[in-house]
Every structure is written in structure tokens, then in C-alpha cells.
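Working notes for the structure below.
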Amino acid sequence: MGRVIVDDSTELEVRRMLDELQERALAGSIAWAPTRPVVQALIEGRGMDIIGTLVREADTSQPRLAKRDLAEERRVVMERLFYGRHFADLNVPKPKVSNREFARRAKKGQQLFYRPASSRVPYEVFMRACGQGENWTVIDAADRAKIGWEPTTTGYWFWAEVPKRCPRLQTSWHDLMEALAFLSAFLSLEEYIIVWYAMKAEGINLDWRGHTMTWLRTRFGTGALYAYGGLKVGVYPCSADDLVISCGNHGGRLAETVQ
């Protein structure tokens, strides 16, 4: 069937309704199945007036599911992560994030994580709890002194990009920092470790075996650090000279603190 020509305002309205349905489905407030006829109509190139009718029917003709509390679900996930590492006395607060925000972030490849106060869960203690007590960032005093640690006095929630392969490949640390300095920041060493092990607990291995490597914002003297995962996390230093070189499998994952 040929596509019906409609004015721009009608098409924009239908697309707005589609986005609304998708967000609500991702947030768990409606079932996704009733939207399938809409998708099929788009594939077949059917008219926007017909598609608009299907969108409205999908939105109104079927009962709503019980609304999920995605913030509470995520709080439980992160609390279990730390409980499983023997931090049983740690209480993870509920993030002030709406279901719609979770849906919006999911479409951008982001997930929410919690970092406790450094006094409650120091980096070194968490690394030992993850079986990485022999990592150089834990035991090498001379190199540890070169790391620009980022302790936090209070716990905080933050969004992080979590595709398996690191984004923004083939761009140097210097160029990425220069381009993104006023917009966001890379994950720090402390944040990356939490993100990597949280994702592993969900069955997802980030930067697997060095196929991609993630630049960290953490400085190492005049250089910086990067990391990737295998059975455990590997953390490696780069000199200042290395930071201006674009490597094919190096990229950067952005972090954004929840305000």
C-alpha cells in the first residue's frame, strides 16, 4: 500500500506518540506487544493517518501493567552487588530518578550505578573483595602515589555508558578531553571498577579482553590510565606522550552524576 502524504505537523504528532509509547514500554507501564501493529505498519509504508490510529489504539485499548519502580529496582541491584562483596552494613539510598528518565537513558546506552563514600567502601577494599587484591593499583606504593585518586565524602549515583564495546574509538585521550571538557567527563578509575563488576554481575563483559579499551579521566602523573576487562579488570598507565596518540581500540565512556 502506498504511503499517504500528510502535513509535517501530523507526522510530528504521530512520531511524538510513538516515542511516548516506547518510553512507557521501556519503563514497564504498558505491554510492548500491542505496539507491534504500529511497527509493522511503518515497515509496510502505510499512511500516517492509519499509523496514528494504531498508535492511539495501542495506547488506550489494553489494560496497563502495574507500574514498576525502576529506581527502587536499581537500588536493590546495587545493594546486592555490595552485599555480595561482604559490605553487608551498607545501605544504598534510592535514586531520585523517574521511570521516564530510565527509559530515556536506556535509549542512549546508559545505566545507573552507585558509588559509596570512600570511608565506607575504599577502592582498595572493594578491589580485594572482587579478588583483585594483588593488582598494582592496590599494592604498588610508588605507582599508587602517582595516581590522582578521587575520594568521595558522600555516596552518589551516576550514569555511565555501558555498550560492550567502548564508544568514541580512534580518538586520543587529549582530543576526547578537549572536546568533552565542558559537557561531561570520562569514568574515573574508582567508577569504572564499580561499573565493570556491576555489569559482569548482569552477565555483560565490558571491553572484553582488550577488543576495546576505555580511557579513564584519572591522571597518572603527567599521563593517565586506561582499563579493559577479561576475567578481571586490567588497569594500565600511559605517559603524557601517549595521550596525544589516536589508537584504534581506545575510546571513552562518559559518566554523569545524578543531581
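The values are calculated or read from the model by the stated rules, or taken from the named source; none is laboratory data. Because the structure is predicted, anything quoted here is derived from the model rather than measured. Note that we place each Cβ from the backbone using ideal geometry, even for glycine, and neighbour counts take in every protein chain shown. Accessible surface is based on the protein model in full, side chains and every heavy atom, while ligands, DNA and RNA are left aside. Shrake-Rupley method; radii C 1.70, N 1.55, O 1.52, S 1.80 Å.
Values for this structure:
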read-out	value
Probe 1.4 Å, accessible area per residue of segment 79-174, Å²	52 Å²
Extension gain from residue 259 to residue 180, taking 0.36 nm per residue of separation minus the Cα-Cα distance	26.5 nm
Distance in nm between pseudo-label sites at residue 165 and residue 149 (7 Å out along the Cβ direction from Cα)	3.7 nm
Accessible-area composition of segment 97-248, carbon plus sulfur, in percent [1.4 Å probe]	55 percent
Directionally averaged shadow of segment 123-259, computed from the convex hull of its alpha-carbon atoms, nm²	8.2 nm²
Label-to-label distance, nm, for residues given as residue 73 and residue 125 (7 Å Cα→Cβ offset)	3.1 nm
Area accessible to solvent at residue 169, 1.4 Å probe radius, in Å²	50 Å²
Segment 132-192: Rg to Rh, with Rh as the Kirkwood radius over Cα pairs	1.00
